[in-house]
Amino acid sequence: NFEFQLNDIGRISLRTSEPLIHDGYKRNRTTGSFILIDSMTNETVAAGMIA
């Protein structure tokens, strides 16, 4: 498994249990970006843009 380090930039694929409504970042910055939050600590662990 690959692990990103602080401030690394990379490409990932996400699998969700429910469908997500989204746009590409170029089309709509609000629905084309996201943050990932650790459910145990409530800390933001990642942020991203949808291609």
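Where a number appears in this text, it was derived from the coordinates with a stated rule and is not lab data. Since we're looking at a predicted model, the values are computed, not measured. Here the Cβ is made from the backbone with ideal geometry for all residues, glycine too, and neighbour counts use every protein chain on show.
Miscellaneous remarks
- Taking one quarter of the surface of the C-alpha convex hull of the chain gives a mean projected area of 4.6 nm².
- Cβ crowding within 10 Å averaged over residues, with 37-43, 14-20, 25-31 ranked highest first: 25-31, 37-43, 14-20
- Dipole orientation for the chain: of the candidates T41, G24, I9, G24 has the Cα lying most toward the positive pole (charges on Cβ; Lys, Arg +1; Asp, Glu -1).
- About its Cα centre, the chain has a charge dipole of approximately 340 debye under the convention of +1 per Lys or Arg Cβ and -1 per Asp or Glu Cβ, with nothing else charged.
- Relative contact order [Cα under 8 Å, 6+ residues apart], the chain, whole percent: 26 percent
- Each residue, M40 and L6, gets one label point 7 Å from its Cα in the Cβ direction; the gap between the two is 2.0 nm.
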